[in-house]
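> Shown below is the structure under consideration.
Nothing in this text is a laboratory measurement; each read-out follows from the coordinates by a stated rule. Being a predicted model, the structure only gives us computed values, none of them experimental. Cβ placement follows ideal geometry from the backbone for every residue including glycine, while neighbour counts extend to all protein chains displayed.
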Amino acid sequence: MWQKTKGNIMKKVISLLLCFVLTFSLFIGCSKQKTDPLPFTGTDYSIPELDLSVMPENCPEEYRYLYELSTVDNSLDYVAHPDSVLLKNGNILTMYPAGHGKGAVLTKISTDGGLTWSESLNNTPKSWEESLETPTVYRLTFTDGKTPDKLIMISANPQWGDEPETDGGFNCSVSCDEGATWTEFETFYDKNSSCPVIPIVAMSSLTQLKENGKFVDKWMGLFHDADFYNYKTILTFDENGNMQWSEPVKYFSAYREIEQQSCMCEVEVIRSEQGLGDELCLITRSNSHTMNSLVSFSQDEGNTWSEPKELPAALNGERFKAEYTKDGRLFITFRSIERGPKAQANADSSVTGGYVSEGWVAWVGTYEDLKNGTEGQYRIKLAHIYQNGQETPEYCADADTGYCGNVVLDDGTIVTSSYGHFDPEDKTSIFSDELRTYICSKRINLEDTDALVAEMGQ
């Protein structure tokens with residue numbers, strides 16, 4: 001009995017130590033230092049992967065756009081972690097920090113469906129200059145048919161390494177005029193509140209809730225902290241239009257062992273039936289890399305969740321962002337984590353410290369695939385993210401990518417934006433081999449990618 005108890009204690013201690021160490025690499029995605037390879041317990045996926053990183057020589061004109069990238073912002077040595085929202089006039093608003101994970105909130109607007117990015121918001125709030133994390137942005141649509149939509153931008157106040165202690169909490173800024181003007185940050189649940197928290201990636205998802213089968217003006221926001229506890233908080237507005245967030249609560253306590261072992265974080269929530277159904281699906285990053293990404297389901301609007309299960313290798317990755325397409329399928333972007341035999345064979349050439357990433361990828365499948373644990377239809381390598389020293393695209397890519405802003409235009413075109421080393425010749429200076437990290441976007445029509453995938457099978 002003692003030996004068994006002792007073994008269980010040691011397992012828990014090791015798991016805690018592992019999560020503690022990995023916390024410091026959470027914002028950079030992966031360590032640049034070589035470590036002993038982690039065990040590769042996954043298997044390669046069997047669905048096709050369409051490579052859009054290099055245009056074929058004889059590419060038909062109608063498919064050429066799939067291989068092209070549009071620069072969103074390359075004005076600094078490092079800009080990253082974008083999020084996007086589609087405005088009612090058809091413009092795309094993208095927000096991102098001026099630096100790695102934190103920095104002044106910057107903006108770019110596309111007025112032509114992601115073909116070009118030129119304009120920025122004017123007269124943005126002064127408080128945005130002090131943002132401490134990647135911003136997330138969402139549209140809030142109210143059910144009374146009278147209240148105009150609001151846009152909300154959220155930025156957390158995490159603790160960054162040895163930097164001065166943060167006040168914690170999360171900041172919210174609201175626009176009631178389609179992004180033309182924004183309120184100054186309002187902070188919730190900092191160290192001076194009744195329920196202090198130190199969030200990371202708030203809100204990784206924001207989901208409108210139902211009551212008695214009908215949508216109501218309540219939104220469930222999710223975030224995690226450095227101990228990989230995952231929290232939910234509910235957004236409402238009072239009669240004067242003021243924001244109210246409920247006290248954050250740990251919603252995954254029933255599965256704390258799994259939550260801890262996987263270092264579960266950066267959760268994305270998908271509602272069934274093209275966003276209209278009564279079931280919620282949660283997919284999550286596993287920051288320990290000892291497990292595949294996880295999936296869990298709720299039939300009671302996020303009050304309880306099923307025991308999380310590992311996703312197939314085809315959908316193993318980090319910072320998922322999901323959108324339904326016009327035909328009802330799901331387009332999910334993420335930073336790939338490859339753990340099968342092919343990845344293991346290439347691990348020594350990787351700079352990620354024991355796992356391989358293909359970089360910025362997308363998965364195409366259905367909600368039923370998530371529900372049934374099937375692989376989906378196909379994957380897309382959206383662009384190659386070059387490692388320092390790479391001159392041509394290879395299997396191994398730099399893993400500092402994959403946080404995306406995704407929108408679906410009225411004509412069904414998907415515009416996805418992410419960051420990375422897109423140009424092997426674009427160095428930060430003539431004196432450095434470090435590649436510039438910047439933001440690009442790509443346009444995708446699934447009818448065209450379907451056709452190219454079909455050609456691959458011929």
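> Report the net charge of residues surrounding I332, where surrounding means a beta-carbon distance below 11 angstrom and charges are Lys +1, Arg +1, Asp -1, Glu -1. Working shown, then result.
Values: positive: R319, K321, R329, R379; negative: E268, E323, D369.
Computed value for this residue: +1.
> Shifting gears a bit: Translational diffusion coefficient, Stokes-Einstein: compute it for the range 345-458 using the Kirkwood radius over C-alpha pairs as Rh, at 20 °C and 1.002 mPa s, and state it as an integer in µm² s⁻¹. Kindly include the intermediate steps, with their values, before the conclusion.
Numbers: Rh = 15.9 Å.
Result for D is 134 µm²/s.
> Hey, got the dipole for the range 325-458? About the Cα centre, +1 on K and R Cβ, -1 on D and E Cβ, debye to the nearest 20? Working shown, then result.
Details: 12 positive and 22 negative charges, 71 e Å.
Charge dipole, the range 325-458, about its Cα centre: 340 debye, nearest 20.
> List the pairs from K232/K342; K108/K210; K126/K381; K232/K371; K102/K326 whose alpha-carbon separation is above 28 Å, in the order I gave them.
Numbers: K232/K342 38 Å; K108/K210 33 Å; K126/K381 38 Å; K232/K371 22 Å; K102/K326 34 Å.
Over 28 Å Cα-Cα: K232/K342; K108/K210; K126/K381; K102/K326.
> May I ask for log10 I(q)/I(0) of the range 70-207 at q = 0.10, 0.14, 0.17 Å⁻¹, from a Debye sum over the Cα atoms as equal point scatterers with solvent left out?
-0.34, -0.65, -0.94
> At each listed q (0.12, 0.13, 0.18 Å⁻¹), what is the log10 of I(q)/I(0) that the Debye formula gives for the range 247-330 modelled as equal alpha-carbon point scatterers?
The computed values of log10 I(q)/I(0) come out as -0.35, -0.41, -0.78.
> Report, in deg cm²/dmol and to the nearest 500, the calculated mean residue ellipticity at 222 nm for the chain, where each DSSP H run with n ≥ 4 adds -39500 (n - 2.57) and the sum is divided by the residue count.
Details: 6 runs with 56 residues, N = 458.
It lands at -3500 deg cm²/dmol.
> Principal axes first, then extents: for the Cα atoms of the range 171-232, list largest minus smallest coordinate on each axis, whole Å, largest first.
34, 33, 21
> Moving on. Taking neighbour Cβ counts within 10 Å as the exposure measure, how do K442, K88 sort from fewest upward? Working shown, then result.
Values: K442 22, K88 10.
Fewest-to-most Cβ neighbours within 10 Å comes out as K88, K442.
> Given labels modelled 7 Å from the Cα in the Cβ direction, how far is it in nm from L276 to D217?
Between L276 and D217, the simple spin-label model gives 2.3 nm.
> For K214, go through the aspartates and glutamates and keep the ones whose alpha-carbon is under 13 Å away, minus same-chain ones fewer than eight residues off.
K214 reaches D144, D278, E279, D300, E301.
> Need one number: the % of Cα-Cα pairs in the range 394-447 sitting beyond the 19 Å mark. Please report the intermediate quantities before stating the final value.
On the way: 608 of 1431 pairs.
Roughly 42 percent, once rounded to a whole number.
> Give me D for the range 290-404 in µm² s⁻¹, whole number, from Stokes-Einstein with Rh from the Kirkwood sum over alpha-carbon pairs, 25 °C and 0.890 mPa s. Don't skip to the answer; put the middle values down first.
Details: Rh = 15.1 Å.
Roughly 162 µm²/s, to the nearest whole number.
> Okay, moving on. Could you please rank M55, M291, placing first whichever residue has the fewest other Cβ atoms within 10 Å of its Cβ?
Details: M55 13, M291 20.
Placing the least packed residue first, the sequence is M55, M291.
> Would you mind ranking W363, W305 so that the residue whose beta carbon has the fewest other beta carbons within 10 Å leads the list?
Numbers: W363 29, W305 19.
The order, fewest Cβ neighbours first, is W305, W363.
> So for the range 244-316, averaging the separation of alpha carbon pairs under 8 Å that are six or more residues apart and normalising by length, what relative contact order in percent results? Can you show the working numbers first?
Numbers: 115 pairs, mean separation 17.6, N = 73.
For the range 244-316, the relative contact order is 24 percent.
> Say the dipole of the chain comes from +1 at the beta carbon of Lys and Arg and -1 at that of Asp and Glu; which of H100, H224, S253 then lies farthest toward its positive end?
It is S253.
> Can you pull the Rg over Rh of the chain, Cα-only, Kirkwood? Present the calculation step by step, with values, prior to reporting the outcome.
Numbers: Rg = 21.2 Å, Rh = 22.5 Å.
So for the chain, dividing Rg by the Kirkwood Rh gives 0.94.
> Grab the Cα-Cα distance for E391 and K191, subtract it from 0.36 nm times how many residues apart they are, and report the gain in nm with one decimal. Don't skip to the answer; put the middle values down first.
Working: separation 200, 0.36 × 200 = 72.00 nm, distance 4.78 nm.
Roughly 67.2 nm would be gained on extension.
> Let me ask you something else. Along the Cα→Cβ direction, 7 angstrom out, place labels at T71 and E119. What is the inter-label distance in nm?
For T71 paired with E119, the spin-label model returns 2.1 nm.
> Quick check for me: using +1 on Lys/Arg Cβ and -1 on Asp/Glu Cβ, what's the dipole size of the chain about its Cα centre, in debye to the nearest 20? Don't skip to the answer; put the middle values down first.
Working: 38 positive and 69 negative charges, 269 e Å.
Dipole about the Cα centre, nearest 20: 1300 debye.
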